[in-house]
(Lines give C-alpha, C1' and ligand atoms only; values in the text may rest on other atoms or scores of the structure.)
Protein backbone atom coordinates (compact mmCIF):
# COMPACT_ATOMS: atom_id res chain seq x y z
CA UNK A 1 0.00 0.00 0.00
CA UNK A 2 1.37 3.39 -0.98
CA UNK A 3 1.78 5.86 1.90
CA UNK A 4 0.32 9.36 1.77
CA UNK A 5 3.85 10.76 1.87
CA UNK A 6 4.79 8.79 -1.25
CA UNK A 7 1.60 9.93 -3.01
CA UNK A 8 2.50 13.53 -2.20
CA UNK A 9 6.03 13.00 -3.54
CA UNK A 10 4.69 11.55 -6.79
CA UNK A 11 2.28 14.45 -7.15
CA UNK A 12 5.11 16.98 -6.77
CA UNK A 13 7.22 15.19 -9.36
CA UNK A 14 4.34 14.97 -11.83
CA UNK A 15 3.73 18.70 -11.48
CA UNK A 16 7.44 19.28 -12.07
CA UNK A 17 7.32 17.13 -15.21
CA UNK A 18 4.40 19.18 -16.52
CA UNK A 19 6.19 22.43 -15.74
CA UNK A 20 9.25 21.26 -17.67
CA UNK A 21 7.13 20.41 -20.70
CA UNK A 22 5.91 23.99 -20.85
CA UNK A 23 8.96 25.73 -19.42
CA UNK A 24 10.05 28.97 -20.98
CA UNK A 25 12.31 30.35 -18.27
CA UNK A 26 15.35 28.97 -16.54
CA UNK A 27 13.82 28.78 -13.08
CA UNK A 28 11.30 26.03 -13.82
CA UNK A 29 13.49 23.04 -14.54
CA UNK A 30 15.18 22.22 -11.25
CA UNK A 31 14.04 19.00 -9.58
CA UNK A 32 12.30 19.95 -6.31
CA UNK A 33 14.12 18.86 -3.16
CA UNK A 34 10.85 17.34 -1.96
CA UNK A 35 11.22 14.61 -4.58
CA UNK A 36 14.98 14.15 -4.48
CA UNK A 37 14.37 10.51 -3.51
CA UNK A 38 11.41 9.97 -5.83
CA UNK A 39 10.62 6.46 -7.03
CA UNK A 40 12.60 5.06 -9.91
CA UNK A 41 9.63 4.57 -12.24
CA UNK A 42 9.09 8.33 -12.60
CA UNK A 43 12.72 9.40 -12.93
CA UNK A 44 13.08 7.89 -16.45
CA UNK A 45 9.99 9.87 -17.47
CA UNK A 46 11.63 13.11 -16.42
CA UNK A 47 14.90 12.11 -18.11
CA UNK A 48 13.13 11.32 -21.40
CA UNK A 49 11.49 14.72 -21.76
CA UNK A 50 12.44 16.82 -24.79
CA UNK A 51 15.10 19.46 -24.26
CA UNK A 52 13.82 22.64 -22.67
CA UNK A 53 14.37 25.75 -24.77
CA UNK A 54 15.61 28.37 -22.30
CA UNK A 55 15.37 31.34 -24.68
CA UNK A 56 13.55 31.39 -27.99
CA UNK A 57 14.47 34.95 -28.97
CA UNK A 58 17.75 36.59 -29.87
CA UNK A 59 19.58 37.97 -26.86
CA UNK A 60 19.42 41.72 -26.25
CA UNK A 61 21.98 42.22 -23.49
CA UNK A 62 24.54 40.02 -21.74
CA UNK A 63 26.15 40.79 -18.39
CA UNK A 64 29.16 38.88 -17.10
CA UNK A 65 29.53 39.18 -13.31
CA UNK A 66 32.71 37.81 -11.81
CA UNK A 67 36.36 38.03 -10.78
CA UNK A 68 39.59 38.94 -12.55
CA UNK A 69 39.12 35.93 -14.83
CA UNK A 70 35.98 37.66 -16.08
CA UNK A 71 37.52 41.15 -16.08
CA UNK A 72 40.03 39.91 -18.64
CA UNK A 73 43.18 38.91 -16.78
CA UNK A 74 45.37 38.47 -18.61
CA UNK A 75 44.22 38.45 -22.20
CA UNK A 76 46.43 40.52 -24.48
CA UNK A 77 43.56 42.91 -25.27
CA UNK A 78 39.96 43.64 -24.28
CA UNK A 79 38.82 42.02 -27.50
CA UNK A 80 40.53 38.73 -26.59
CA UNK A 81 38.85 38.43 -23.18
CA UNK A 82 36.33 35.56 -23.11
CA UNK A 83 33.47 38.01 -22.42
CA UNK A 84 34.14 39.86 -25.67
CA UNK A 85 34.77 36.63 -27.56
CA UNK A 86 31.54 35.06 -26.32
CA UNK A 87 29.56 38.15 -27.27
CA UNK A 88 31.16 37.99 -30.71
CA UNK A 89 30.18 34.34 -31.17
CA UNK A 90 26.59 35.10 -30.26
CA UNK A 91 26.40 38.25 -32.36
CA UNK A 92 27.85 36.49 -35.39
CA UNK A 93 24.69 34.39 -35.47
CA UNK A 94 22.13 37.06 -34.59
CA UNK A 95 20.31 39.45 -36.90
CA UNK A 96 20.52 42.16 -34.24
CA UNK A 97 23.71 42.57 -32.23
CA UNK A 98 23.49 41.96 -28.50
CA UNK A 99 24.95 44.52 -26.13
CA UNK A 100 27.29 43.21 -23.47
CA UNK A 101 28.69 44.46 -20.18
CA UNK A 102 31.80 43.12 -18.46
CA UNK A 103 31.25 43.41 -14.70
CA UNK A 104 34.37 41.55 -13.63
CA UNK A 105 36.42 42.89 -10.68
CA UNK A 106 39.84 41.50 -9.76
CA UNK A 107 40.07 39.49 -6.50
CA UNK A 108 36.28 39.67 -6.15
CA UNK A 109 34.35 37.40 -3.77
CA UNK A 110 30.80 36.14 -3.97
CA UNK A 111 29.81 37.63 -0.60
CA UNK A 112 30.69 39.97 2.24
CA UNK A 113 30.59 36.82 4.41
CA UNK A 114 33.52 35.28 2.54
CA UNK A 115 36.43 34.94 5.01
CA UNK A 116 38.84 36.73 2.69
CA UNK A 117 36.46 39.60 1.95
CA UNK A 118 38.63 42.23 3.69
CA UNK A 119 41.56 41.31 1.44
CA UNK A 120 39.42 41.13 -1.70
CA UNK A 121 38.50 43.43 -4.55
CA UNK A 122 35.35 45.13 -3.33
CA UNK A 123 32.40 45.36 -3.57
CA UNK A 124 31.49 41.65 -3.37
CA UNK A 125 28.95 40.16 -5.77
CA UNK A 126 26.09 40.36 -3.28
CA UNK A 127 26.79 44.08 -2.76
CA UNK A 128 26.75 45.15 -6.38
CA UNK A 129 23.83 43.35 -7.98
CA UNK A 130 21.62 46.40 -8.44
CA UNK A 131 24.13 48.59 -10.27
CA UNK A 132 26.20 45.95 -12.04
CA UNK A 133 23.42 43.53 -13.04
CA UNK A 134 19.80 44.53 -12.42
CA UNK A 135 20.05 48.08 -13.76
CA UNK A 136 21.27 46.64 -17.07
CA UNK A 137 18.18 44.39 -17.39
CA UNK A 138 20.08 41.54 -19.05
CA UNK A 139 18.40 38.56 -20.66
CA UNK A 140 21.67 36.59 -20.45
CA UNK A 141 23.69 36.63 -17.22
CA UNK A 142 26.92 34.80 -16.48
CA UNK A 143 27.81 34.56 -12.78
CA UNK A 144 31.41 33.40 -12.55
CA UNK A 145 32.63 32.79 -8.99
CA UNK A 146 34.46 30.10 -7.08
CA UNK A 147 38.12 30.55 -7.92
CA UNK A 148 38.76 33.32 -5.37
CA UNK A 149 36.38 31.94 -2.76
CA UNK A 150 38.13 28.57 -2.92
CA UNK A 151 41.55 30.23 -2.71
CA UNK A 152 40.36 32.52 0.08
CA UNK A 153 39.05 29.70 2.26
CA UNK A 154 35.29 30.20 1.91
CA UNK A 155 33.58 27.04 3.27
CA UNK A 156 31.80 25.20 0.49
CA UNK A 157 28.37 25.34 2.13
CA UNK A 158 28.72 29.11 2.63
CA UNK A 159 29.77 29.57 -0.99
CA UNK A 160 26.80 27.62 -2.36
CA UNK A 161 24.39 29.41 -0.01
CA UNK A 162 25.66 32.82 -1.10
CA UNK A 163 25.73 31.90 -4.79
CA UNK A 164 22.11 30.73 -4.58
CA UNK A 165 21.30 33.98 -2.76
CA UNK A 166 22.81 36.03 -5.57
CA UNK A 167 20.71 34.14 -8.12
CA UNK A 168 17.56 34.57 -6.05
CA UNK A 169 18.14 38.31 -5.61
CA UNK A 170 18.61 38.81 -9.35
CA UNK A 171 15.49 36.85 -10.21
CA UNK A 172 13.34 38.99 -7.97
CA UNK A 173 14.01 41.86 -10.38
CA UNK A 174 14.85 40.39 -13.79
CA UNK A 175 14.57 36.96 -15.44
CA UNK A 176 17.68 36.31 -17.56
CA UNK A 177 19.02 32.99 -18.67
CA UNK A 178 21.71 32.40 -16.03
CA UNK A 179 24.89 30.49 -16.75
CA UNK A 180 27.21 29.34 -13.95
CA UNK A 181 30.78 28.39 -14.89
CA UNK A 182 32.77 26.30 -12.47
CA UNK A 183 36.27 27.40 -11.43
CA UNK A 184 38.94 27.90 -14.06
CA UNK A 185 42.06 25.75 -14.24
CA UNK A 186 45.20 27.32 -12.70
CA UNK A 187 48.67 26.08 -11.85
CA UNK A 188 50.14 28.22 -9.05
CA UNK A 189 48.16 28.20 -5.82
CA UNK A 190 50.73 30.33 -3.96
CA UNK A 191 49.95 33.52 -5.87
CA UNK A 192 48.65 36.25 -3.56
CA UNK A 193 50.29 34.99 -0.39
CA UNK A 194 48.84 33.21 2.62
CA UNK A 195 45.40 34.82 2.39
CA UNK A 196 44.85 33.17 -0.99
CA UNK A 197 46.56 29.81 -0.49
CA UNK A 198 43.68 27.68 0.80
CA UNK A 199 42.97 25.71 -2.37
CA UNK A 200 44.38 23.18 -4.81
CA UNK A 201 42.98 21.36 -7.83
CA UNK A 202 41.13 18.92 -5.59
CA UNK A 203 39.41 21.86 -3.88
CA UNK A 204 38.53 23.27 -7.28
CA UNK A 205 36.98 19.91 -8.16
CA UNK A 206 34.66 20.08 -5.16
CA UNK A 207 33.73 23.67 -5.99
CA UNK A 208 33.07 22.62 -9.56
CA UNK A 209 30.62 19.92 -8.50
CA UNK A 210 29.01 22.22 -5.93
CA UNK A 211 28.45 24.86 -8.63
CA UNK A 212 26.96 22.19 -10.88
CA UNK A 213 24.54 21.29 -8.08
CA UNK A 214 23.57 24.93 -7.49
CA UNK A 215 22.88 25.24 -11.21
CA UNK A 216 20.67 22.14 -11.11
CA UNK A 217 18.76 23.29 -8.04
CA UNK A 218 18.30 26.85 -9.31
CA UNK A 219 17.48 25.99 -12.92
CA UNK A 220 20.64 27.59 -14.33
CA UNK A 221 22.97 26.41 -17.08
CA UNK A 222 26.34 25.02 -15.96
CA UNK A 223 29.71 25.09 -17.72
CA UNK A 224 32.46 22.71 -16.63
CA UNK A 225 35.59 24.76 -17.31
CA UNK A 226 37.92 22.30 -15.59
CA UNK A 227 36.85 19.76 -18.19
CA UNK A 228 37.31 22.34 -20.95
CA UNK A 229 40.90 23.04 -19.91
CA UNK A 230 41.88 19.37 -19.49
CA UNK A 231 44.76 20.62 -17.29
CA UNK A 232 46.45 22.15 -20.35
CA UNK A 233 49.18 24.33 -18.89
CA UNK A 234 49.81 26.35 -22.05
CA UNK A 235 46.34 27.87 -21.75
CA UNK A 236 47.47 29.65 -18.55
CA UNK A 237 49.17 33.03 -18.35
CA UNK A 238 52.68 32.97 -16.90
CA UNK A 239 51.30 34.21 -13.56
CA UNK A 240 49.90 30.70 -13.03
CA UNK A 241 46.35 31.93 -12.34
CA UNK A 242 44.70 33.62 -15.30
CA UNK A 243 43.89 32.40 -18.77
CA UNK A 244 46.03 33.57 -21.66
CA UNK A 245 44.52 34.31 -25.07
CA UNK A 246 44.21 30.61 -25.87
CA UNK A 247 42.52 29.91 -22.55
CA UNK A 248 40.07 32.77 -23.06
CA UNK A 249 39.18 31.33 -26.47
CA UNK A 250 38.49 27.90 -24.98
CA UNK A 251 36.38 29.39 -22.18
CA UNK A 252 34.31 31.43 -24.65
CA UNK A 253 33.82 28.44 -26.93
CA UNK A 254 32.68 26.15 -24.12
CA UNK A 255 30.23 28.73 -22.78
CA UNK A 256 28.89 29.31 -26.27
CA UNK A 257 28.35 25.58 -26.77
CA UNK A 258 26.19 25.38 -23.64
CA UNK A 259 24.19 28.48 -24.59
CA UNK A 260 23.66 27.23 -28.16
CA UNK A 261 22.53 23.81 -26.94
CA UNK A 262 19.89 25.34 -24.67
CA UNK A 263 18.71 28.59 -26.30
CA UNK A 264 17.13 28.35 -29.75
CA UNK A 265 17.16 32.12 -30.25
CA UNK A 266 20.76 32.03 -31.41
CA UNK A 267 19.66 29.82 -34.31
CA UNK A 268 16.90 32.09 -35.65
CA UNK A 269 19.07 33.94 -38.16
CA UNK A 270 20.78 30.84 -39.52
CA UNK A 271 17.46 29.01 -39.79
CA UNK A 272 16.14 31.87 -41.93
CA UNK A 273 19.28 31.84 -44.08
CA UNK A 274 18.84 28.12 -44.74
CA UNK A 275 15.91 28.99 -46.99
CA UNK A 276 17.52 31.84 -48.94
CA UNK A 277 21.31 31.50 -48.97
CA UNK A 278 22.92 30.61 -52.34
CA UNK A 279 24.08 27.06 -52.89
CA UNK A 280 27.78 27.84 -53.09
CA UNK A 281 29.31 24.35 -52.84
CA UNK A 282 31.06 22.98 -55.91
CA UNK A 283 33.11 19.78 -55.69
CA UNK A 284 33.17 19.19 -59.46
CA UNK A 285 36.92 19.74 -59.93
CA UNK A 286 37.69 17.34 -57.09
CA UNK A 287 35.50 14.68 -58.67
CA UNK A 288 37.15 15.25 -62.06
CA UNK A 289 40.50 14.26 -60.52
CA UNK A 290 39.08 10.73 -60.25
CA UNK A 291 37.19 10.70 -63.55
CA UNK A 292 33.72 11.29 -62.17
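The values are calculated or read from the model by the stated rules, or taken from the named source; none is laboratory data. No experiment lies behind these values; they were computed from the predicted model shown. Don't worry about glycine lacking a Cβ; one is built from the backbone with ideal geometry, like all the others, and counts go over all protein chains shown.
Got a number for residues in segment 128-137 being touching a helix residue (DSSP H, G or I) at 6+ places or on another chain (Cβ under 7 Å) and either modelled with pLDDT under 95 or outside any helix (DSSP H, G or I) (or both)? Total meeting the criteria: 1. Applying the condition of being touching a residue at least 60 places away in the same chain (Cβ under 8 Å) and at positive phi to segment 128-169 and asking which residue is surrounded by the most Cβ atoms within 10 Å (Cβ to Cβ) yields 146.
Looking across 179, 226, one residue alone is crowded, with 22+ Cβ neighbours inside 10 Å and within 16 Å of residue 145 (Cβ to Cβ). It is 179.
Taking only segment 187-218 into account, find how many residues are assigned to a loop (DSSP other than H, G, I, E, B) and in contact with a strand residue (DSSP E or B) (Cβ under 8 Å, 6 or more places away or on another chain). Please lay out each step first, then the result.
Let us first name the residues in segment 187-218 that are assigned to a loop (DSSP other than H, G, I, E, B), namely 187-193, 197-200.
Then drop every residue that is not in contact with a strand residue (DSSP E or B) (Cβ under 8 Å, 6 or more places away or on another chain), which leaves 187.
Residues that pass the stated criteria total 1.
Criterion first (touching a strand residue (DSSP E or B) at 6+ places or on another chain (Cβ under 8 Å), under 24 Å from residue 266 (Cβ atoms) and either in a helix (DSSP H, G or I) or at pLDDT below 95 (or both)) does residue 249 satisfy it?
Numbers: touching a strand residue (DSSP E or B) at 6+ places or on another chain (Cβ under 8 Å): no; under 24 Å from residue 266 (Cβ atoms): yes; either in a helix (DSSP H, G or I) or at pLDDT below 95 (or both): yes.
The answer is no for residue 249.
All of (1) in a loop (DSSP other than H, G, I, E, B); (2) crowded, with 23+ Cβ neighbours inside 10 Å hold for residue 103 with one exception: (1).
Looking across segment 77-97, the residues that are surrounded by fewer than 20 Cβ atoms within 10 Å (Cβ to Cβ) and not in a helix (DSSP H, G or I) come down to 77, 93, 94, 95, 96, 97.
Yes or no, residue by residue, for (1) at pLDDT 95 or above; (2) over 21 Å from residue 207 (Cβ atoms); (3) part of a loop (DSSP other than H, G, I, E, B):
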| site | (1), (2), (3) |
| --- | --- |
| 109 | yes, no, yes |
| 113 | yes, no, yes |
| 122 | yes, yes, yes |
| 126 | yes, no, no |
| 150 | yes, no, no |
| 158 | yes, no, no |
| 167 | yes, no, no |
| 174 | yes, yes, yes |
| 185 | yes, no, yes |
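Candidates in segment 42-76 are the residues that are at pLDDT below 90 and part of a helix (DSSP H, G or I); of these, the one that is surrounded by the most Cβ atoms within 10 Å (Cβ to Cβ) is 46.
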